[in-house]
């Protein structure tokens, strides 16, 4: 009958519908509200920066794989996603070559040289941002809103907090900042989508934000500044905390896979963010906190191997 | 009380609607019947008959002195046509007795209903179960009489009847709950007689509400029995996970359910016990789910053990589309076969014929470290690491990351978005390590 034509393979014989591509697509979808808002807020220049960053990332991946004879993986959408992340992490005022070299750096130096998808030990977009900030500090810190060059809310907060935008403006995004970080509302819509689609779990983002707030609140309190909910709200809704916690710290390749490890990773990122924001010369600490914690991931994972089912329990007892 | 469950696991689409509402159909074998001499976990049997012998329905045709074994019983009357190696579903060739069916179904004298059930001693009950050739019918084929004979120091306080049936497509256990529920109770009573301290718990996934309802009604006056609903989740029917869901107890590999006071029996095995004790009938037939997109009329078929796969496929209307993959058992843990010229054995729970679309073979891509396999692993392992160590042949790290705790349920491969063959490489490495240990 059908002899010799049947496929013989090892179980399981069913696979879920999810693929690398569907996951990357979901993250891109989750970033669309923030992207649209950036374009609405900052105008067509933001759109051009976004497109250039995406094209730069996709082209870098394609060219690198072509040049090194590796299998082409542009269709898995991971490079496009990295490009989008690069765009969302820079101000729209940058010259147009900035998103292109940022993306090229992210893809070639951080991702491909370390082995490609899943092998990068740092978040490529954040590493690119750090590279750009260090190389072109002035270009990377021109924040402008309504065509008026302005400081970001965290800059103002650090300088003493006079003339702060209203919390409502800060939440919706009518403020200066990187493309993707200004509208907490748009980011939270995307974050909810990622949680519902189970692309990310609650552990990293909630523990990260919770720790940042707790540490800042504690330091403020012990410095005799009391407990100021308004002040803390600015720390959550302005700057890169929401973008970082939900979208960057949850990057699969550069965050732990173990549940306990994810919590340790998030607590670490929260502490570092709070310390940088309060004690360093920079107003913002999310990117560096995540990059710093990325370096610890192999060690965190090694020490958080979960217990196998039943291991270490008192057997036979309820 | 809410549905009970274990931690983690997956929710594959179950495809049960194709057969779950169809009453079990009964077919008689057309061709010769084939009885491989090993249909259980343990030592192979030796033939008790020779070529040319006439055998009767219910007659023992194969047995061994080995402790870990279960005899082979003829499911028809007829003549021994040959004794030779045949292909069995796991791809190996096994010595088998081939019987030409005379169509008379003349019963062996040992088949006698029993009146004096209450007078049977536990030893007699175990002996009857052994002689009836009963093995675990969920597919693992562990000899039932051995499972029911724990060392005296092990106190058994739970008999868990496994009605989870968590493999997609398979619905034979569900049909049994609807069609022969009273026999489940009778069978369980016999087991409880062996374990006076134990409580009988019939555990059913909550995607089978009818089954839960019917059995709940039947046990409402039974002091020592209970029916519990389990969350529909894979691998809810795995022994460790099932015991954990029902009793909250846990154990690691190397330990047996009886180490935590539990014995798990598949629901159809319990019926087989009832038939052997009350009606004197050995294990001669089973219910097989014939389903999958390539099958014209998916159905559950009650069939004599030894019947050829092809007769069942024919009884299910044959193929509407050329199958690309045929699975003996369920799609999560079953084995693919490369021929349909195979006998139904004691553990044959399903014949699932998948179309090209259903059996799509995916290309592996790089691990993106999404951790979904970690979230799926019912045994709390890190499958992505085990896959890496398996591929690198790093046995030390494989053991350090507790690869031997894997139950091979396949949840990690199922859930992997990069379509990596995680369960497959882990399984192979486990086999290699076990084989080396035996040496």
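If the requirement is being surrounded by 23 or more Cβ atoms within 10 Å (Cβ to Cβ) and more than 18 Å from residue A:129 (Cα to Cα), which of these qualifies: A:27, A:8, A:86?
Just a single option satisfies the conditions, and that option is A:27.
Within the range A:166-202, how many residues turn out to be surrounded by fewer than 19 Cβ atoms within 10 Å (Cβ to Cβ) and under 11 Å from residue A:234 (Cα atoms)?
The number of residues fulfilling the criteria is 4.
Can you pull out every residue in the range A:1-44 that is more than 7 Å from chain B (Cβ to nearest Cβ), farther than 30 Å from residue B:314 by Cα and not in a helix (DSSP H, G or I)?
A:17, A:43
Only one of B:290, B:270 is more than 14 Å from every other protein chain (Cβ to nearest Cβ), touching a residue at least 24 places away in the same chain (Cβ under 8 Å) and over 17 Å from residue B:138 (Cβ atoms). Can you tell me which?
Only one candidate qualifies: B:290.
Kindly indicate the residue of the range B:219-247 that is farther than 22 Å from residue B:11 by Cβ and either within 20 Å of the chain's Cα centre (by Cα) or outside any helix (DSSP H, G or I) (or both) and also farthest from the other protein chains (Cβ to nearest Cβ) among those meeting that condition.
Residue satisfying both the conditions and the ranking: B:221.
Just checking, which of B:358, B:364 is more than 7 Å from every other protein chain (Cβ to nearest Cβ) and within 29 Å of residue B:312 (Cα to Cα)?
B:358
In the range B:173-212, what residues are more than 17 Å from residue B:3 (Cα to Cα) and part of a strand (DSSP E or B)?
Within the range B:173-212, the subset more than 17 Å from residue B:3 (Cα to Cα) is B:173-200.
Selection gives B:199, B:200.
For every residue, the table says whether it meets (1) in a helix (DSSP H, G or I); (2) at pLDDT 95 or above; (3) more than 30 Å from residue B:410 (Cβ to Cβ).
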{"site": "B:75", "(1), (2), (3)": "no, yes, yes"}
{"site": "B:99", "(1), (2), (3)": "no, yes, yes"}
{"site": "B:123", "(1), (2), (3)": "yes, no, yes"}
{"site": "B:129", "(1), (2), (3)": "yes, yes, yes"}
{"site": "B:140", "(1), (2), (3)": "no, no, no"}
{"site": "B:152", "(1), (2), (3)": "no, no, yes"}
{"site": "B:159", "(1), (2), (3)": "no, yes, no"}
{"site": "B:165", "(1), (2), (3)": "no, no, no"}
{"site": "B:169", "(1), (2), (3)": "no, yes, no"}
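Quick test of your reading of the structure: residue A:121 fulfils all but one of (1) within 15 Å of the chain's Cα centre (by Cα); (2) within 29 Å of residue A:37 (Cα to Cα). Name the failing condition by number.
Here residue A:121 meets the rest and fails (2).
Take the residues in the range B:382-405 that are in contact with a helix residue (DSSP H, G or I) (Cβ under 6 Å, 6 or more places away or on another chain) and touching a residue at least 40 places away in the same chain (Cβ under 8 Å), then tell me which one is nearest to residue A:262 (Cα to Cα).
Applying the filter and picking the extreme gives B:383.
Scan (1) within 22 Å of residue A:14 (Cα to Cα); (2) touching a strand residue (DSSP E or B) at 6+ places or on another chain (Cβ under 9 Å) for the single condition residue B:260 breaks and write down its number.
Among (1) within 22 Å of residue A:14 (Cα to Cα); (2) touching a strand residue (DSSP E or B) at 6+ places or on another chain (Cβ under 9 Å), residue B:260 violates only (1).
So, of the residues in the range B:320-351 that are more than 8 Å from chain A (Cβ to nearest Cβ) and part of a strand (DSSP E or B), which turns out to be surrounded by the most Cβ atoms within 10 Å (Cβ to Cβ)?
B:351
What single numbered condition from (1) away from chain A (no Cβ under 14 Å); (2) surrounded by fewer than 24 Cβ atoms within 10 Å (Cβ to Cβ); (3) in contact with a helix residue (DSSP H, G or I) (Cβ under 9 Å, 6 or more places away or on another chain) fails to hold for residue B:304?
Of (1) away from chain A (no Cβ under 14 Å); (2) surrounded by fewer than 24 Cβ atoms within 10 Å (Cβ to Cβ); (3) in contact with a helix residue (DSSP H, G or I) (Cβ under 9 Å, 6 or more places away or on another chain), only one is false for residue B:304: (3).
With the requirement that a residue be buried (at least 16 other Cβ atoms within 10 Å of the Cβ) and modelled with pLDDT of 90 or more, what does the range A:30-44 give you? Steps first, answer last, please.
Of the residues in the range A:30-44, the ones buried (at least 16 other Cβ atoms within 10 Å of the Cβ) are A:30-31, A:33-35, A:37-39, A:41-42.
Residues satisfying the conditions are A:30, A:31, A:33, A:34, A:35, A:37, A:38, A:39.
Mind checking whether some residue in the range B:257-273 is at pLDDT below 95, closer than 30 Å to residue B:373 by Cβ and over 20 Å from the mean Cα position of the chain (by Cα)?
yes
Could you identify the single residue in A:310, A:281 that is at pLDDT below 90 and either touching a helix residue (DSSP H, G or I) at 6+ places or on another chain (Cβ under 7 Å) or under 21 Å from residue B:373 (Cα atoms) (or both)?
On the way: A:281 fails: either touching a helix residue (DSSP H, G or I) at 6+ places or on another chain (Cβ under 7 Å) or under 21 Å from residue B:373 (Cα atoms) (or both).
So the residue among A:310, A:281 that is at pLDDT below 90 and either touching a helix residue (DSSP H, G or I) at 6+ places or on another chain (Cβ under 7 Å) or under 21 Å from residue B:373 (Cα atoms) (or both) is A:310.
Given the conditions (1) in a helix (DSSP H, G or I); (2) surrounded by 18 or more Cβ atoms within 10 Å (Cβ to Cβ); (3) in contact with a strand residue (DSSP E or B) (Cβ under 8 Å, 6 or more places away or on another chain), which single one is not true for residue B:216?
Only one criterion in (1) in a helix (DSSP H, G or I); (2) surrounded by 18 or more Cβ atoms within 10 Å (Cβ to Cβ); (3) in contact with a strand residue (DSSP E or B) (Cβ under 8 Å, 6 or more places away or on another chain) is unmet by residue B:216, namely (2).
Yes/no per residue for (1) surrounded by fewer than 19 Cβ atoms within 10 Å (Cβ to Cβ); (2) over 30 Å from residue B:292 (Cβ atoms); (3) under 21 Å from the mean Cα position of the chain (by Cα):
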site	(1), (2), (3)
B:113	yes, yes, no
B:117	yes, yes, no
B:130	no, yes, yes
B:152	yes, yes, no
B:158	no, yes, yes
B:179	yes, no, yes
B:202	no, no, yes
B:209	yes, no, no
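Would the range A:166-188 turn up any residue that is outside any helix (DSSP H, G or I) and over 23 Å from the mean Cα position of the chain (by Cα)?
Checked against the condition, which is being outside any helix (DSSP H, G or I) and over 23 Å from the mean Cα position of the chain (by Cα), the range A:166-188 yields at least one hit.
When you look at residue A:48, is it modelled with pLDDT of 95 or more, in a helix (DSSP H, G or I), more than 14 Å from chain B (Cβ to nearest Cβ) and surrounded by 22 or more Cβ atoms within 10 Å (Cβ to Cβ), yes or no? Even if it seems obvious, please write down each step before you answer.
Details: modelled with pLDDT of 95 or more: yes; in a helix (DSSP H, G or I): yes; more than 14 Å from chain B (Cβ to nearest Cβ): yes; surrounded by 22 or more Cβ atoms within 10 Å (Cβ to Cβ): no.
Here the answer is no, as residue A:48 does not meet what is asked.
So which helices (runs of 4 or more DSSP H) stay within the range B:369-435 end to end and still have 2 or more residues that are farther than 28 Å from residue A:120 by Cβ and more than 9 Å from every other protein chain (Cβ to nearest Cβ)?
Details: elements: B:372-376, B:383-392, B:395-400, B:411-415.
So the answer is B:395-400.
The values are calculated or read from the model by the stated rules, or taken from the named source; none is laboratory data. Because the structure is a prediction, the values reported are computed rather than measured. Glycine gets a Cβ as well: all are built from the backbone with ideal geometry, and neighbour counts include every protein chain shown.
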